Amino acid sequence: MTTIHARRLVPRWLAALGAVTMVVAGAIAATALTAPSAFAGTTAGCGKAPTLRSGSYTIQSGGQNRSFILRIPDGYTNTRPYRLIFAYHWRGGTMNDVASGGTSGTTWSYYGMQEQSSNSAVLVAPQGIGNGWANSNGQDITFTDDMVRMIESDLCVDTTQLFAMGFSYGGGMSYAVACARASVFRAVVVYSGAQLSGCSGGIQPIAYFGIHGISDNVLNIGSGRSLRDTFLRNNGCAAQNAPEPAAGSGRHITTTYSCRAGYPVQWAAFDGGHGPAPVDGCSGCEDGTRTWSKGEAWRFLSQFGSTPPPSSPPPSSPAPGQSNVLMVGQQSGRCVDVPGSSTANGTQAQLWDCHGGTNQRWTYTSAKQLMVYGNKCLDASGRGTANGTAVVIWDCNGQNNQQWNLNSNGTITGVHSALCVDVSGNGTANGTKIQLWSCHGGANQQWTLRN
């Protein structure tokens with residue numbers, strides 16, 4: 001088998017991804033959507049003569065024509081509940097690319113799940129608007145809901161066995177599903193993803209597997225770590241080192257975290273760039289036939305039995321220890337402070353001796369805001385995503401440049417930027433400004449919450 005490099009396997013991945021940042025702004029979080037009922041056991045399609053067949057379908061969703069490809073397992077029987085797996089394409093890709101497996105053929109169809117599932121799963125390849133997943137006003141979550149309803153009403157599906165996966169923009173869409181439909185989907189697999197399709201909710205646990213290349217120059221691995229860290233927190237995972245391979249090693253390293261029963265998190269970092277089908281022993285190679293990623297993804301998804309996970313109602317208030325706390329820098333021992341107790345929008349946060357005043361008291365809300373004074377939020381100035389962007393206070397507005405991930409490694413990363421909250425110039429003195437910077441693991445990016 002000829003080794004296919006990433007830039008040749010699907011050249012549209014890189015050519016089209018440059019446009020992602022122009023459409024991300026349209027990824028408005030979905031609200032007030034009605035999700036399909038979760039964990040009902042078997043569906044209305046069980047025991048029913050199906051009308052659906054393998055092939056392409058177009059349905060009305062949110063007032064638009066939306067299309068998807070459906071693959072029903074060979075030998076399908078309406079008395080057996082099947083898994084249901086959604087496989088979202090990348091930016092510039094299509095449902096046909098996912099369903100066909102591209103140049104690797106059926107061994108890579110549906111990210112290899114057709115081969116790996118051995119006819120134990122119903123497979124779906126949805127088509128994004130404009131070949132992307134901007135999820136404007138939650139329209140792609142609504143589309144997913146509509147596909148679930150249509151399929152479950154006609155086919156025999158195990159409602160505890162719904163899964164989503166995707167690469168790049170499709171990874172961002174899978175993450176959006178994890179955020180918005182954690183009570184419907186059992187697990188997601190995110191290949192080389194970032195927050196591109198929004199995150200409505202994002203506070204419930206769901207089984208999560210992230211796969212990312214250490215040399216990804218399209219969506220930096222820091223973006224993937226940030227997505228992972230959302231569910232390390234939500235799933236109650238213990239702090240744990242996740243080693244990653246060295247450049248040129250030609251290998252991958254998978255870490256399985258210790259989390260709440262029923263909500264595992266895995267992270268696989270590999271020596272390579274932006275692609276979903278890396279091959280061990282061949283840095284930068286992509287081959288859907290030989291890749292290890294499909295086998296690991298299938299093992300992750302197939303571990304779940306036909307029972308619902310432990311119930312987990314979403315929190316209605318900040319978790320204990322995250323309300324009215326001080327944010328203390330590891331390197332400086334000083335607190336994140338609003339200068340002069342100012343309440344003016346745009347005031348940049350700084351380091352200052354900890355004194356416990358209201359201008360140093362922060363509450364981490366269920367919406368991922370870091371709130372001070374009860375009405376001002378820590379904010380990435382101007383919705384910036386560049387190194388050096390000022391971290392300021394602003395009226396709380398619910399936008400994702402005011403959303404933050406508190407990570408198990410002590411970093412605080414911006415949901416919008418995936419950058420770390422950083423002390424400028426490694427400073428430790430009173431008055432040193434707080435900014436955003438690429439995560440590098442330094443002590444000036446480590447924070448502790450204290451009462």
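Every number here is computed from the coordinates shown, using simple stated rules; none is lab data. All values reported here derive from a predicted model rather than from experimental measurement. All Cβ positions, even for glycine, are placed from backbone atoms using ideal geometry, and neighbour counts span all protein chains on display.
Based on DSSP, what percent of beta bridges with both residues in the range 55-303 are antiparallel, to the nearest 5? Display every interim value, and only then the final one.
Values: 17 of 43 bridges.
Of those bridges, close to 40 percent are antiparallel.
Report the charge-dipole magnitude of the range 55-303 in Debye, nearest 20, computed about the Cα centre from +1 at each Lys and Arg Cβ and -1 at each Asp and Glu Cβ. Let's see the in-between values first.
Details: 16 positive and 17 negative charges, 84 e Å.
In debye, rounded to 20, the range 55-303 gives about 400.
Applying the Karplus parametrisation 6.51 cos²θ - 1.76 cosθ + 1.60 with θ = phi - 60° to the phi angles of the range 394-410, what ³J(HN,Hα) value in whole Hz is obtained for each residue in order, glycine and proline being reported as x?
7, 3, 5, 10, x, 6, 6, 7, 10, 10, 9, 9, 8, 8, 5, 8, x
Using each residue's phi in the range 376-382, evaluate 6.51 cos²θ - 1.76 cosθ + 1.60 at θ = phi - 60° and report the 3J(HN,Hα) Karplus result to the nearest Hz, with x for Gly and Pro.
Karplus-based 3J(HN,Hα) across the range 376-382 equals 10, 10, 5, 9, 7, 3, x Hz.
Let a ≥ b ≥ c be the square roots of the eigenvalues of the Cα gyration tensor of the range 60-144; is it rounded (a/c under 1.5), or, if not, prolate (a/b larger than b/c) or oblate? Write out the running numbers ahead of the final one.
Values: a/c = 2.68, a/b = 1.41, b/c = 1.90.
Judged from the Cα gyration tensor, the range 60-144 comes out oblate (a/c at least 1.5, b/c at or above a/b).
Measuring from centroid to centroid over Cα atoms, what is the spacing of the range 62-98 and the range 339-387 in Å?
The range 62-98 and the range 339-387 have Cα centres spaced 44 Å from each other.
Compute the distance from the alpha-carbon center of the range 234-293 to that of the range 181-231, in whole Å.
Computed from Cα coordinates, the inter-centre distance equals 13 Å.
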